[in-house]
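Notes follow once the structure below has been shown.
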Amino acid sequence: MMMKRMIPLLMMAMLALLASAARSQDGDEARLRQTLQAKFPKVTVESISKTPFGGLYEIVLGGEIIYMDGKAEYMMGGSLYDIRSAQIRNITQDTSQRLASKALTSSHDSAIKMVRGNGKRVIYTFEDPNCGYCKQLYKELGTMTDVTIYTFLLPILSPDSMEKSRAIWCSKDRAKAWDQMMTKGALTEQVKPCEGPMEKNAQLAQRFNIRGTPAIFLASGQQLGGYIPAAQIEQALGKR
């Protein structure tokens, strides 16, 4: 009989504790956001989430991942690792890749889309039309099947890279124009000029700290690096 009376009381106590913890977390997040906006008024606080480690909060600030205590007194950068199990996990890297995947997926309209086979596997590339390694990568990608390739034009290498990028983007068939540029070095059609998404692509590349072309990403947000042969890309895709 006593236990029957105690159970509702225990449940009420647990609910009260959960509500108190939620209020405390909300208060911490508000304090962190206010502090960061005051100290970095030109930078966007994109997200704040509590980690299970030492009362730390993971914050995405202008595309960068940082960590702060709930009192907003200390801030640090670098990677946070979960070493509780035999398989060490890089928490920061996981978040970074998740953010990259989201940013890439939402930017499909700024990329040249090429589908081979069923297109089930997805990769992203950042490339310059004057990039020699990009031309080699194009040959490698041509050997792959059942893949969708999204190529973001990133004209950073030569004075006429922007002109060529605009010509490719403004073509009636962008995939065909890209093929001509990569295999022949020029387009066969006259193209009416347009602006294209190159500025947006540059901002995306800056977010990922891309300093050269090509740069290759998986749909997961994992960056594979610069030029690599198709066999290595296939291996990386096979692990997903």
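The values are calculated or read from the model by the stated rules, or taken from the named source; none is laboratory data. Just so we're clear, the structure is a prediction, and the values are computed from it rather than from any experiment. We place every Cβ from the backbone using ideal geometry, glycine too, and count neighbours over all the protein chains shown.
State yes or no: is ILE149 within 21 Å of the chain's Cα centre (by Cα), at pLDDT 95 or above and closer than 22 Å to GLY238 by Cβ?
yes
The set of residues in region 204-217 that are surrounded by 13 or more Cβ atoms within 10 Å (Cβ to Cβ) and either in contact with a Cys (Cβ under 6 Å, 6 or more places away or on another chain) or part of a helix (DSSP H, G or I) (or both) comprises LEU204, ALA205, ARG207, THR213, PRO214.
Assess whether GLN235 counts as being without any contact (Cβ under 8 Å) to a residue 60 or more places away in the chain, closer than 23 Å to LYS102 by Cα and either touching a strand residue (DSSP E or B) at 6+ places or on another chain (Cβ under 6 Å) or exposed (fewer than 14 other Cβ atoms within 10 Å of the Cβ) (or both). Considered against the rule, which asks whether it is without any contact (Cβ under 8 Å) to a residue 60 or more places away in the chain, closer than 23 Å to LYS102 by Cα and either touching a strand residue (DSSP E or B) at 6+ places or on another chain (Cβ under 6 Å) or exposed (fewer than 14 other Cβ atoms within 10 Å of the Cβ) (or both), GLN235 comes out as yes.
Quick one: would you say MET144 is farther than 17 Å from ALA215 by Cβ, in the same structural domain as LEU224 (by TED's automatic domain parsing) and surrounded by 13 or more Cβ atoms within 10 Å (Cβ to Cβ)?
For MET144, the condition - farther than 17 Å from ALA215 by Cβ, in the same structural domain as LEU224 (by TED's automatic domain parsing) and surrounded by 13 or more Cβ atoms within 10 Å (Cβ to Cβ) - is met.
Would you check if there is a residue in region 221-230 being modelled with pLDDT under 90 and either surrounded by 17 or more Cβ atoms within 10 Å (Cβ to Cβ) or under 16 Å from ALA111 (Cβ atoms) (or both)? Scanning region 221-230, I find no residue that is modelled with pLDDT under 90 and either surrounded by 17 or more Cβ atoms within 10 Å (Cβ to Cβ) or under 16 Å from ALA111 (Cβ atoms) (or both), so the answer is no. Those strands (runs of 3 or more DSSP E) of region 40-128 in which 3 or more residues are in contact (Cβ under 8 Å) with a residue 60 or more places away in the chain and surrounded by 17 or more Cβ atoms within 10 Å (Cβ to Cβ) occupy 121-127. You will find that of LYS192, LYS184, the residue that is in the same structural domain as GLU140 (by TED's automatic domain parsing), farther than 20 Å from MET114 by Cα, free of Cβ contacts under 8 Å to residues at least 24 places away in the same chain and loosely packed, with under 11 Cβ neighbours inside 10 Å is LYS192 and no other.
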